[in-house]
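> What follows is a structure written as structure tokens; I'll ask about it next.
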Amino acid sequence: MSDPVTDTAKDVRTRRKRRRSGGLHIVVFLAPAVLIYSVFSIYPLVESLRLSLFDGLEDGTAVWAGLENYATLLFDPNWATQFWRAFWNNLVLFFIHMVVQNPLGLLLAALLSLAPRFGSAYRTLIFVPTLLSVVIVGFIWELILSPLWGVSETLLGTIGLAWLYQPWLGLESSALTTVSLISVWQYVGIPMMLIYAALLSIPDELIDAARVDGLNGWSIFWKVKLPLILPTLGIVAILTYIGNFTVSFDLIYSIQGALGAPNFATDVMGTLLFRTFFGQQLQVGDIHMGATIASMMFFIILVGVSIYLALVQRRLQRYEM
Amino acid sequence: MTETASSHRARASRLRGLSTRAGVHMVLAGYTLIAIFPVFLVILNSFKNRRGIFTDPLGLPGEGTFSLEGYATVLTQGDFATYFSNSLIVTVTALFLILWLGAMAAHALAEYRFRFNTLLGIYLILGIMVPIRLGTVAILELMVDLNLVNTLLALILVYTAQGLPVAVFILTEFMRTLSRDIKDCARVDGLSEYRIFFEVVVPLIRPVLATVAVFSMIPIWNDLWFPLILASGDATKTVTLGVQQFIGQYTVNWSAVLASLSIAILPVLGLYALFSRQLIAGITSGAVKG
Amino acid sequence: MSELTLQDVRKSYGEAKVIHGVDLAVKDGEFVVFVGPSGCGKSTLLRMIAGLESITGGDVVIGGEQVNDIAPADRGIAMVFQSYALYPHKDVYGNMAFALRHAGEDKAVIDERVRKAADILGLQDLLKRRPKELSGGQRQRVAIGRAIVRDPEIFLFDEPLSNLDAALRVQMRVEILRLHQRLKTTMVYVTHDQVEAMTLADRIVVLRDGRIEQVGTPLELYHHPENRFVAGFIGSPKMNFLSAERSGDGTTVTTHGSAPIEVPVQPRDTEGAVTLGIRPEHVGLVAPGAGDLDARILVAERLGGETFLHFDLGDEGDFVVKADGAATHESGETVGLSFPPQALHLFDAQGAAFAPRDRNALIG
Ligand SMILES: Nc1ncnc2c1ncn2[C@@H]1O[C@H](COP(=O)(O)OP(=O)(O)OP(=O)(O)O)[C@@H](O)[C@H]1O
Ligand SMILES: [Mg+2]
């Protein structure tokens, strides 16, 4: 075997032999992501926790305050009313999403999983609001619900319900519910998609087997499909819970402003944090109280996630499909 | 994968009664209408003059009501070209970093055995559970120290940190399913670990990268919180913040408000029309696994 | 020079020891096959030779040079993988040319070598196709072509045919054999299919739990297995084992109440029970009472060309005899079994074989 072709190959080969690579490339692959993530995500979270344990002085320095800020937030009448009201409003928001958004998502997903004609068109269009900025969504609904424009009244009029119309966003009694429903309108696409995917992953044989066992459409849904997608419903619930504390700010801030108008009826933890941190009207900004509120949100989310992991996740074992 | 499943079910559903089918379509079509009607209404009215908007909000723009005055106001009064280019720079750069750094990290986690592999993996996806906004107080301080307030770079860095956990999570899951043989083969072919990543792994994960891209893009493009806090200066405003503040100033000029909303909506809808298949496939497959 | 030498090669993953010191010398141009049960470390050993796994202890020497720390690409090896491992984004030509292009080889040289390899494997018309447009057999051919193009000193194959269907496997097996005859390059081949091992190998290496059990030509392993494991592993259906008692100096045994049988092995002092081994194809069928043992047929499997008779011999479980396809024996029938002495194997309690008296005595 000594044709010229192979000879050149052997030359190339003997030129220089590289050594097996060590572990440097692993560091190179990981370092940038770990660095950016640590500096701009993990460090700020930890730093916020730290700041919440200090108090600012007039001259700009900080002194150790222990848990004083937390005590202030929870028990000082000035803060406590705001805090508990915001916390309560967040819970209401969560509750409305759980009883309206997620069942609606389940219903839509269940119907879509029957593979009706135009199914993918429905799916695509229902997801549209989810893509829009909360700010845009907020304004769209503000305009539509505005008594000035009168679109809602006209629309209700066409089905003879014009008398029902109220400036819902402006009324203390209905503002929070209205904001929640707007948010449901925007985000129902997410549970719908997640549940739809879970339903699709149930093997056809299983459904056929149930049919052979004599179950009809409804009982198949309740007795076979629903138990199998419970883990997904659990994930939807925890995502709703986490999102509730962050995303609600954008919507409320753009519709009702940082004070959670009308008269704090829609004030949530997010707006409270923003107001505290930056100051509003007479009140000056306070980073330490801001950090305290953020940390409280962190703990509240942590509690929710722990409950989910400990309770829900353990019960809802995944079935191999 | 859903192709056979859904055709199978389609057959099953065809067997069911006509009334059931009608009911299904009524609910789905009804809700679809609710979902898109408000958006449609805003875009429709943005092409009308003031009289058209108020006297006949549901009518099509026609003679005597058609007008682009709103768009004219928006384009002359607001600096939307700047806002757009800011949003674009921030979103594209952050996306690029998320995908690039996320894919590299995911590759390292999926491919190599090293100490703390699992621990590091958990650390990197922790951010899925804890919203980055809770660190805002310290992020602002950090940006002040770094002299990055009112720069697009501040937003880019924060969004990259925000997007990495989900990207790393999805990409790691996917990369674990790639065949080991093909990477080994490239090693035998003499590629360095870096070139294996760029020349073998990246082409294989391209479809998933696209999904992650669309996924990560939405919250960045739509965010109000960080532009408001970190970059609210005129030169660094993003579209979302720009629209928010523009509307704040022009509340009485309805054509302008509607036009500015439409300007913010239309590019998103355009992109969605292009990528919806990919996005939905991504959500569905991701959910099946996760 | 392309001998391959393994010297006390070891591998552990953390605490788990996977390869326990393997010594092996592969000669230039030799075709060596690693066989063994699943999980015994065949792939691990091959990947250590390739440089894809680090070496915990010992040396891998290729062409006289210790290559423990040399990158896979510079060891002068090419590897063919079970899953083909073709780059899906490159066409057949691109796949075959990839390594050379990467090494900065001249365009004309690459082209010549790719075309030559394509000729050898009959891939000329497929060069522009993507992997997903190829059948399984064609993909495997491309994978082999890609290895040929690199003109390696050693080819490594890790179960290259196990993803193919039976007919294609036979065809590719012949092609690999022809390839070896043509290139005369050293080849190391991993399989768990013993037909592949028997037909391809110059020498077979039988592995178990990270250790070499025996190395030898296919016929050596077939006729003179050094232990019970190799005896049972090589040959299909597998060798029958019968527990036996020794009498006299130890080379005469009785089993299941048979008359004493003289086994032509060298006498050796060992404690404990012995086991008699005989392959299904070597057992003779005679009239009841005329053989060494009488037994009742449990099941007769007729495959046309041959018939497998299954017997129940007490504690030994299944005892199989390979008979002529025309054999008329029915299940339930009692027949006599005769054991030709030179076809018998004897193993001690530890499973080690007694050495045959005459190593060259092969059974016809
Ligand atoms: N990364 C690893 N970490 C720990 N143990 C491993 C690892 N890779 C392989 N092993 C173990 O090493 C042993 C040998 O594996 P190997 O893949 O070499 O087996 P094999 O002989 O090729 O089997 P098969 O015929 O199934 O391919 C197995 O017991 C396996 O569990
Ligand atoms: Mg193997």
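> Considering the range C:253-279 alone, what residues qualify as being farther than 13 Å from C:PHE339 by Cβ and of a type outside the set (Lys, Arg)?
C:GLY257, C:VAL265, C:GLN266, C:PRO267, C:ASP269, C:THR270, C:GLU271, C:GLY272, C:ALA273, C:VAL274, C:THR275
> Would you be able to say whether some residue in the range A:79-101 is farther than 30 Å from B:PHE226 by Cβ and open to solvent by 30 Å² or more (accessible area, probe 1.4 Å)?
The answer is yes, given that some residue of the range A:79-101 is farther than 30 Å from B:PHE226 by Cβ and open to solvent by 30 Å² or more (accessible area, probe 1.4 Å).
> Going by what's in this entry, would C:VAL18 be described as more than 24 Å from C:ASP151 (Cα to Cα), of a type in the set (Val, Ile, Thr) and open to solvent by less than 10 Å² (accessible area, probe 1.4 Å)?
no
> If you don't mind, another one. Go through the range C:192-211 residue by residue and tally those that are within 13 Å of ligand 1 (Cβ to nearest atom) and open to solvent by 10 Å² or more (accessible area, probe 1.4 Å).
Residues meeting the conditions: 6.
> Could you please let me know if A:ALA197 is within 19 Å of A:LEU114 (Cβ to Cβ), open to solvent by less than 50 Å² (accessible area, probe 1.4 Å), assigned to a helix (DSSP H, G or I) and of a type in the set (A, V, I, L, M, F, W, C)?
In short, yes.
> Next up: Among the numbered criteria (1) of a type outside the set (Gly, Ala, Ser); (2) under 29 Å from A:ILE238 (Cα atoms); (3) free of Cβ contacts under 8 Å to residues at least 60 places away in the same chain, which single criterion is violated by B:ILE139?
Answer for B:ILE139: the failing condition is (3).
> Follow-up question, since we're still on this one. Are any residues in the range B:244-260 touching a residue at least 40 places away in the same chain (Cβ under 8 Å) and open to solvent by less than 20 Å² (accessible area, probe 1.4 Å), and if so, which ones?
Selection gives B:PHE246, B:TRP254, B:SER255, B:ALA256, B:VAL257, B:LEU258, B:ALA259, B:SER260.
> In the set B:GLY64, B:GLY52, which member is over 30 Å from A:ILE207 (Cβ atoms), surrounded by 18 or more Cβ atoms within 10 Å (Cβ to Cβ) and away from every other protein chain (no Cβ under 11 Å)?
The conditions single out B:GLY52.
> Sticking with this structure for a sec: Name the helices (runs of 4 or more DSSP H) wholly within the range B:184-286 that hold at least 1 residues that are at the interface with another protein chain (Cβ under 7 Å from one of its Cβ atoms), out of contact with any Pro (no Cβ under 7 Å at 6 or more places or on another chain) and polar (S, T, N, Q)? Break it down stepwise before answering.
Working: elements: B:202-222, B:225-230, B:239-249.
By residue number, B:202-222, B:239-249.
> In the range C:27-57, which residues are within 16 Å of ligand 1 (Cβ to nearest atom) and assigned to a strand (DSSP E or B)?
C:VAL32, C:VAL33, C:PHE34, C:VAL35, C:GLY57
> Could I ask something else about it? Mind listing whichever residues of the range C:151-163 are within 16 Å of ligand 1 (Cβ to nearest atom) and either in contact with a strand residue (DSSP E or B) (Cβ under 9 Å, 6 or more places away or on another chain) or open to solvent by 10 Å² or more (accessible area, probe 1.4 Å) (or both)?
C:LEU156, C:PHE157, C:ASP158, C:GLU159, C:PRO160, C:SER162, C:ASN163 - these are the residues of the range C:151-163 that are within 16 Å of ligand 1 (Cβ to nearest atom) and either in contact with a strand residue (DSSP E or B) (Cβ under 9 Å, 6 or more places away or on another chain) or open to solvent by 10 Å² or more (accessible area, probe 1.4 Å) (or both).
> Give me the residue from the range A:113-130 that is at the interface with chain B (Cβ under 7 Å from one of its Cβ atoms) and of a type in the set (A, V, I, L, M, F, W, C) and, out of that set, farthest from B:LEU18 (Cα to Cα).
Restricting to residues being at the interface with chain B (Cβ under 7 Å from one of its Cβ atoms) and of a type in the set (A, V, I, L, M, F, W, C), the top hit is A:VAL128.
> So which pairs qualify, if the first residue must be in the range C:167-191 and open to solvent by 30 Å² or more (accessible area, probe 1.4 Å), the second must be more than 16 Å from ligand 1 (Cβ to nearest atom) and assigned to a loop (DSSP other than H, G, I, E, B), the Cβ gap must be under 8 Å, and the two must be at least 6 apart or on different chains?
C:LYS184/A:MET1; C:LYS184/C:GLY29
> Another question, then. For B:ILE43, all conditions in the list (1) assigned to a loop (DSSP other than H, G, I, E, B); (2) closer than 23 Å to A:LEU155 by Cβ hold save one; what is the number of the exception?
Just one mismatch for B:ILE43, condition (1).
Residue-by-condition table, conditions (1) surrounded by 13 or more Cβ atoms within 10 Å (Cβ to Cβ); (2) at pLDDT below 90; (3) of a type outside the set (Asp, Glu):
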| site | (1), (2), (3) |
| --- | --- |
| C:GLY272 | no, yes, yes |
| C:HIS282 | yes, no, yes |
| C:ASP312 | yes, yes, no |
| C:LEU344 | yes, no, yes |
| C:PHE347 | yes, no, yes |
| C:ARG359 | no, yes, yes |
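> Related question: Please go through the range C:245-303 and pick out each residue that is part of a strand (DSSP E or B), over 33 Å from the mean Cα position of the chain (by Cα) and among the aliphatic types (A, V, I, L, M).
Answer for the range C:245-303, where residues must be part of a strand (DSSP E or B), over 33 Å from the mean Cα position of the chain (by Cα) and among the aliphatic types (A, V, I, L, M): just C:VAL286.
> Could you tell me whether the range A:86-99 includes any residue that is without any contact (Cβ under 8 Å) to a residue 12 or more places away in the chain and either within 13 Å of chain B (Cβ to nearest Cβ) or not in a helix (DSSP H, G or I) (or both)? Step through it out loud before you land on a result.
Within the range A:86-99, the subset without any contact (Cβ under 8 Å) to a residue 12 or more places away in the chain is A:88, A:91, A:95, A:99.
Now restrict to residues that are either within 13 Å of chain B (Cβ to nearest Cβ) or not in a helix (DSSP H, G or I) (or both): none.
No, the conditions are met nowhere in the range A:86-99.
> Tell me, which helices (runs of 4 or more DSSP H) lie completely within the range C:81-199 with 2 or more residues that are more than 27 Å from C:VAL215 (Cβ to Cβ) and of a type in the set (Phe, Trp, Tyr)? I'd like the intermediate steps shown before the answer.
On the way: elements: C:92-102, C:107-121, C:136-149, C:166-183.
Result: C:92-102.
> Any residue that is part of a helix (DSSP H, G or I) and within 11 Å of chain B (Cβ to nearest Cβ) - is there at least one of those in the range A:159-178?
Here is the first cut: in the range A:159-178, the residues part of a helix (DSSP H, G or I) are A:162-164, A:168-170, A:175-178.
Pick out the ones that are also within 11 Å of chain B (Cβ to nearest Cβ) and you get none.
Among the residues of the range A:159-178, not one is part of a helix (DSSP H, G or I) and within 11 Å of chain B (Cβ to nearest Cβ), which makes the answer no.
The values are calculated or read from the model by the stated rules, or taken from the named source; none is laboratory data. Predicted, not measured: the structure shown is a model, and the values here were computed from it. Don't worry about glycine lacking a Cβ; one is built from the backbone with ideal geometry, like all the others, and counts go over all protein chains shown. The protein model used for the area step is the full one, side chains on, heavy atoms only, and it has no ligands, DNA or RNA in it. Shrake-Rupley method; radii C 1.70, N 1.55, O 1.52, S 1.80 Å.
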